[in-house]
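Engineer: Before I ask anything, let me first share the structure, which is written out below as structure tokens.
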């Protein structure tokens with residue numbers, strides 16, 4: 001499996017499970033209808049664990065254009081690979097959103113509220129204030145990338161052999177999953193914590209394409225915020241990391 005395919009599969013699993021839990025909670029006549037934010041944030045965290053566990057050994061499991069850009073700015077990733085990773089992440093996100101819709105197709109039909117249907121695919125602000133919404137996405141992704149940069153730098157000191165990188169196999173995905181979980185619980189109430197341009201914009205395109213009854217607007221006037229905000233946050237996180245590392 002190539003890094004390109006790994007990023008597609010990892011991002012696909014992330015969005016399939018992430019969009020799936022939103023569908024399970026907000027759509028009518030599901031087994032978990034109306035169970036709330038804790039269920040959604042927890043499943044998104046576990047979805048990250050799944051995606052990172054699969055893609056991590058092959059591609060490093062960025063699964064997020066902002067992460068790829070942030071790592072490149074920090075000198076941890078080759079700029080020549082960024083576009084390839086971003087394309088793969090968008091493909092994976094769009095496929096994940098499509099299959100989440102396919103699984104819950106009957107429940108989409110049973111749900112009259114178009115806004116709830118759209119929520120399965122993309123984020124929206126609790127209070128629409130573009131400045132505040134942008135700041136929320138910047139800070140959320142700043143925390144994600146800044147902490148991830150310290151995950152990638154983690155080492156164990158060994159007296160005989162020097163410094164050894166920490167390697168815990170699939171358990172290495174667990175810290176990232178916990179990080180995304182706590183970002184959702186602590187910072188996600190304002191915009192739904194997209195913190196990932198592919199996670200939001202790719203499924204938003206799928207929502208626009210699919211034949212969904214009572215479909216509402218895709219809110220393209222807002223769609224730039226979960227794209228630009230995470231990228232700005234990632235660049236700021238990488239910049240601070242470089243400053244602190246010198």
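The values are calculated or read from the model by the stated rules, or taken from the named source; none is laboratory data. Please read all numbers here as calculations on a predicted model, not as lab measurements. Note that we place each Cβ from the backbone using ideal geometry, even for glycine, and neighbour counts take in every protein chain shown.
Engineer: Do we find that residue 8 is in contact with a helix residue (DSSP H, G or I) (Cβ under 7 Å, 6 or more places away or on another chain) and at pLDDT below 95 in this structure?
Structural biologist: no
Engineer: Kindly check whether there is at least one residue in region 228-240 that is free of Cβ contacts under 8 Å to residues at least 40 places away in the same chain and either in a loop (DSSP other than H, G, I, E, B) or over 26 Å from residue 27 (Cβ atoms) (or both).
Structural biologist: No, every residue in region 228-240 fails to be free of Cβ contacts under 8 Å to residues at least 40 places away in the same chain and either in a loop (DSSP other than H, G, I, E, B) or over 26 Å from residue 27 (Cβ atoms) (or both).
Engineer: From the list 86, 148, pick out the single residue that is crowded, with 22+ Cβ neighbours inside 10 Å, under 14 Å from the mean Cα position of the chain (by Cα) and on the phi < 0 side of the Ramachandran plot.
Structural biologist: After ruling out the rest, the residue left standing is 148.
Engineer: Tell me which of these residue 133 doesn't satisfy, since it passes every other one: (1) assigned to a helix (DSSP H, G or I); (2) at pLDDT below 95.
Structural biologist: Unmet for residue 133, out of (1) assigned to a helix (DSSP H, G or I); (2) at pLDDT below 95: (2).
Engineer: Something else: Pick from 71, 63: which is outside any helix (DSSP H, G or I) and under 16 Å from the mean Cα position of the chain (by Cα)?
Structural biologist: Of 71, 63, the one residue that is outside any helix (DSSP H, G or I) and under 16 Å from the mean Cα position of the chain (by Cα) is 63.
Engineer: Which residues, taken from region 219-237, are more than 30 Å from residue 149 (Cβ to Cβ) and buried (at least 16 other Cβ atoms within 10 Å of the Cβ)?
Structural biologist: 219
Engineer: Another one. Which numbered condition in (1) surrounded by fewer than 19 Cβ atoms within 10 Å (Cβ to Cβ); (2) in contact with a helix residue (DSSP H, G or I) (Cβ under 6 Å, 6 or more places away or on another chain); (3) not in a loop (DSSP other than H, G, I, E, B) is the only one that residue 30 fails?
Structural biologist: Residue 30 satisfies every listed condition except (3).
Engineer: Moving on. List every residue pair whose Cβ atoms lie under 6 Å apart, where the two residues are 6 or more positions apart in sequence or sit on different chains, the first residue falls within region 189-212 and is at positive phi, and the second residue, located anywhere, is surrounded by 24 or more Cβ atoms within 10 Å (Cβ to Cβ).
Structural biologist: Hits for this filter: 192/123; 193/140; 195/140; 195/141; 195/144; 195/230.
Engineer: Follow-up question, since we're still on this one. Do you know which of the residues in region 163-187 that are assigned to a helix (DSSP H, G or I) and modelled with pLDDT under 60 is farthest from residue 50 (Cα to Cα)?
Structural biologist: If we take residues in region 163-187 being assigned to a helix (DSSP H, G or I) and modelled with pLDDT under 60, then 169 is farthest from residue 50 (Cα to Cα).
Engineer: If you don't mind, there's one more thing I want to ask. Test residue 93 against the criterion of being crowded, with 24+ Cβ neighbours inside 10 Å, at pLDDT 95 or above and under 20 Å from residue 229 (Cα atoms), and give yes or no.
Structural biologist: Spelling it out, residue 93 is indeed crowded, with 24+ Cβ neighbours inside 10 Å, at pLDDT 95 or above and under 20 Å from residue 229 (Cα atoms).
Engineer: I would also like to ask the following. Would you please name the residue that is nearest to residue 200 (Cα to Cα), looking only at residues in region 55-64 that are in contact with a helix residue (DSSP H, G or I) (Cβ under 6 Å, 6 or more places away or on another chain) and buried (at least 21 other Cβ atoms within 10 Å of the Cβ)?
Structural biologist: My answer is 63.
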